[in-house]
Amino acid sequence: MKLQTKVTLGSVLLATLIVTLVSGVDLYSSMQLRLQSTYERAEVIMDVARFSVIDTLNSHRDVALPDALRDQELKLRLLNLLRSPNGVLSIDVVSNENLRVIASTLDDRVGSNKVDADFEQLVSRNTWFEQLNALIYKENRYYMLQDAVGSNDKVLVWVRVVIFPKFIRPTLSEMLYQKASVAVLSIAGAVLVTFLFSMALFRSIGHIGQLLDRFASGEYGPDPAADKMAKDELSIMASKVNLLGERLRGAQFEVSDLRGNIDHLLQDLEDAVFIFNRDLRLVFASGSVEKFLGRDRNSLPGQTLATVFPPATLVGLVVGQASESGVAIRNRRVPNNLPGQTGPGPATVLLSVDILEAQPDGRGGSSGILVRLRDPEAARKIDRELQTADRLTAISRISSGVAHEVKNPLNAILLHVEVARSKLSRGDTDVAEQMDIIAREILRLDRVVRTFLDFTRPVELQLQTVPMQELVTEIVELARPQTAASNITVSVKQETDGVDVRVDRDLVKQAVLNVMVNAMQAMPEGGELRFEASATRNTAELRISDTGPGIPPELRDKIFRLYFTTKNQGSGIGLAMTFRIVQLHDGTIDFTSELGKGTTFLIRLPVAV
């Protein structure tokens with residue numbers, strides 16, 4: 001049912017209900033007025049009849065009471081009170097002794113001792129339903145009003161006015177007919193007014209609906225009828241909707257351009273990227289889709305997640321579980337058995353599923369998922385290239401320190417060669433001192449070169465899976481004797497329960513101990529050495545913090561250089577060796593330092609798969 005029909009019918013029903021309620025209240029008020037009028041008229045008749053009975057009894061004092069009340073003149077006087085239609089059936093005079101009717105305007109009521117219902121209670125205390133029932137449905141029900149004749153000590157007779165509600169019905173029915181006619185006309189008028197109002201109201205609303213239908217079908221052009229519409233509130237709303245359509249058209253062009261640019265950027269990637277909306281329907285596919293699915297990516301948009309990645313396949317099973325649980329997956333190795341694949345293709349894929357968060361409007365849920373497929377071989381190739389680049393960077397940083405160490409002996413050799421040449425040119429053959437110095441500098445240079453060769457020589461790593469918590473505990477226990485002797489307290493905080501790393505245990509301990517020794521040497525007067533171990537999904541982290549003086553800003557770029565040291569007896573090899581060991585384990589090492597507060601070294605190592 002359309003909204004216009006619903007609103008029209010609702011308005012008609014509401015108008016009918018209001019008119020019915022108003023008519024019912026009006027009818028009840030009219031009925032009350034009629035009953036009240038009858039009650040008041042009956043009271044007047046009863047008072048006049050009572051005075052007539054008293055007058056008759058006073059004029060017939062020598063006659064017995066029943067005989068006096070049977071006086072024809074009294075009867076005529078009572079009948080005259082009933083000439084106008086007022087709902088009164090009869091006027092009775094009732095004996096106080098046996099409550100029998102002695103005299104009445106109706107002869108057949110003489111001798112009756114029947115007591116009728118109280119009319120006053122019907123008018124003032126009964127409900128409207130009982131009143132309506134008495135007026136319409138109870139054919140032979142009589143009501144009465146009565147008053148005593150006599151003194152307070154002795155009641156002689158009762159004057160009773162008998163009311164028959166049936167006599168009121170003709171005038172009440174006529175009034176009801178008039179009220180019903182007015183109600184029907186009111187309802188018809190309400191229907192007509194409501195219909196005309198809804199036509200005027202929904203004309204502009206219908207125009208807005210047509211605009212929205214055009215927008216839904218992709219037509220965002222200007223509305224040709226916009227200038228012809230009236231300038232009421234709904235028409236202004238329609239013009240705003242039309243303006244919104246213009247903006248949507250511009251946004252559609254921008255989205256189309258942006259999507260084309262993104263697709264152009266991703267189409268040369270080795271990865272395949274899929275974006276599904278909140279209904280798990282594909283809205284975007286790019287990259288090497290054909291390589292993994294064996295299907296044209298242009299035919300995929302609009303298909304469901306189960307169609308693109310069937311649940312019967314391992315890839316589809318993992319993607320489906322991630323979408324249902326809302327837990328992201330990063331680089332999980334999954335056998336590639338997707339249907340429709342042609343050509344060799346990768347036998348195994350690295351699968352990543354990211355949950356796209358909804359807008360922060362408080363409604364919660366996700367706005368879709370992003371699925372990425374990668375070729376492990378291509379990923380390994382990129383990793384090897386990155387590792388090579390990192391190691392070249394490390395060698396470059398180390399070489400700068402070596403160059404400094406080589407330059408000093410060469411300068412000394414060159415200087416003393418010139419001194420020896422000058423002496424020989426003058427015929428002085430005593431150059432033994434210069435030869436000794438040159439020999440010592442050559443030995444020094446040889447030692448520098450051999451150290452560098454040893455440092456850069458390939459190392460055969462003895463990798464093993466080691467619990468991170470156990471590795472940190474071993475390092476801390478190795479440090480305790482020296483820290484106790486140096487008045488240094490050790491604090492340990494571990495959050496790596498169940499986390500393993502794939503490392504050469506001895507080399508990693510050597511790397512961490514180098515950092516630890518530097519930290520202890522920075523606190524000659526004692527202090528605190530803190531070890532904090534934590535882990536993320538893919539990385540284990542170890543922080544070594546001291547409370548020493550910190551590293552000056554001008555020295556922070558040099559501390560990992562080979563042979564660089566600020567200590568009188570330092571070799572400048574420890575931190576350079578630590579840097580190299582961490583690099584060999586595909587990890588990273590960094591530090592933060594604040595003057596006067598201490599230094600923190602952060603070592604990150606990959607978590608064992």
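Exactly one residue out of THR600, THR536 is in contact with a Phe, Trp or Tyr (Cβ under 7 Å, 6 or more places away or on another chain), assigned by TED's automatic domain parsing to the domain that holds GLN469, of a type outside the set (D, E, K, R) and surrounded by fewer than 20 Cβ atoms within 10 Å (Cβ to Cβ): that is THR600.
Report yes if some residue within the range 257-275 is farther than 22 Å from THR348 by Cβ and at pLDDT 70 or above; otherwise report no. Checking the range 257-275: at least one residue is farther than 22 Å from THR348 by Cβ and at pLDDT 70 or above. Total residues in the range 153-168 satisfying the condition of being surrounded by fewer than 17 Cβ atoms within 10 Å (Cβ to Cβ) and touching a strand residue (DSSP E or B) at 6+ places or on another chain (Cβ under 8 Å): the figure is 2. Inside the range 590-609, can you point out the residues that are modelled with pLDDT under 90 and closer than 21 Å to VAL503 by Cα? PRO606, VAL607, ALA608, VAL609 - these are the residues of the range 590-609 that are modelled with pLDDT under 90 and closer than 21 Å to VAL503 by Cα. Here is a check on your reading of the model: is GLU460 surrounded by fewer than 16 Cβ atoms within 10 Å (Cβ to Cβ), at pLDDT 90 or above and not polar (S, T, N, Q)? So GLU460 fails the test.
Take VAL44 and decide whether it is within 25 Å of VAL155 (Cβ to Cβ), touching a helix residue (DSSP H, G or I) at 6+ places or on another chain (Cβ under 9 Å), outside any loop (DSSP other than H, G, I, E, B) and at pLDDT 85 or above. Criteria not met by VAL44. Of the residues making up the range 46-57, not a single one is in contact (Cβ under 8 Å) with a residue 60 or more places away in the chain, farther than 25 Å from THR194 by Cα and among the aromatic types (Phe, Trp, Tyr).
Might you let me know whether the range 476-495 holds any residue that is surrounded by 14 or more Cβ atoms within 10 Å (Cβ to Cβ), in contact (Cβ under 8 Å) with a residue 24 or more places away in the chain and among the charged types (D, E, K, R)? No.
Residues in the range 463-475 that are surrounded by 15 or more Cβ atoms within 10 Å (Cβ to Cβ) and hydroxyl-bearing (Ser, Thr, Tyr): THR473 alone.
Identify all residues within the range 496-533 that are under 22 Å from MET577 (Cα atoms), buried (at least 19 other Cβ atoms within 10 Å of the Cβ) and of a type in the set (Asp, Glu); write none if there are none. Scanning the range 496-533 gives a single hit, ASP504.
Taking the numbered list (1) at pLDDT 80 or above; (2) touching an Asp or Glu at 6+ places or on another chain (Cβ under 8 Å); (3) of a type in the set (A, V, I, L, M); (4) surrounded by 16 or more Cβ atoms within 10 Å (Cβ to Cβ) in turn, ALA328 passes all entries but (4).
Here's the yes/no breakdown for (1) farther than 20 Å from GLU377 by Cα; (2) modelled with pLDDT of 80 or more; (3) not acidic (Asp, Glu):
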site	(1), (2), (3)
GLY287	no, no, yes
GLY294	no, no, yes
GLY302	yes, yes, yes
THR313	yes, yes, yes
LEU317	yes, yes, yes
ALA322	yes, yes, yes
VAL334	no, yes, yes
ASN337	no, no, yes
THR348	no, no, yes
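Identify the single condition in (1) surrounded by 14 or more Cβ atoms within 10 Å (Cβ to Cβ); (2) at pLDDT 80 or above that ARG278 does not satisfy, given that it satisfies every other one. If we test ARG278 against (1) surrounded by 14 or more Cβ atoms within 10 Å (Cβ to Cβ); (2) at pLDDT 80 or above, just (1) comes out false. Being at pLDDT 80 or above and of a type in the set (A, V, I, L, M) holds for only one residue in ALA134, ALA148, and it is ALA148.
Being at pLDDT 85 or above, out of contact with any strand residue (DSSP E or B) (no Cβ under 6 Å at 6 or more places or on another chain) and either surrounded by 15 or more Cβ atoms within 10 Å (Cβ to Cβ) or at negative phi (or both) is the requirement here; does VAL110 meet it? Here the answer is no, as VAL110 does not meet what is asked. Within the range 474-490, the set of residues being in a helix (DSSP H, G or I) and not hydroxyl-bearing (Ser, Thr, Tyr) comprises GLU474, ILE475, VAL476, GLU477, LEU478, ALA479, ARG480, PRO481, GLN482, ALA484, ALA485.
For the range 64-109, a residue qualifies if it is assigned to a loop (DSSP other than H, G, I, E, B), free of Cβ contacts under 8 Å to residues at least 12 places away in the same chain and polar (S, T, N, Q), and exactly one does: SER84. Could you check how many residues of the range 276-318 are β-branched (Val, Ile, Thr) and assigned to a strand (DSSP E or B)? Adding up the residues that qualify gives 2. Note on the range 525-574: residues that are at pLDDT below 85 and either assigned to a loop (DSSP other than H, G, I, E, B) or in contact with a His (Cβ under 9 Å, 6 or more places away or on another chain) (or both) total 20.
The values are calculated or read from the model by the stated rules, or taken from the named source; none is laboratory data. Predicted, not measured: the structure shown is a model, and the values here were computed from it. Every residue, glycine as well, gets a Cβ built from its backbone with ideal geometry; the counts of neighbours run over all protein chains shown.
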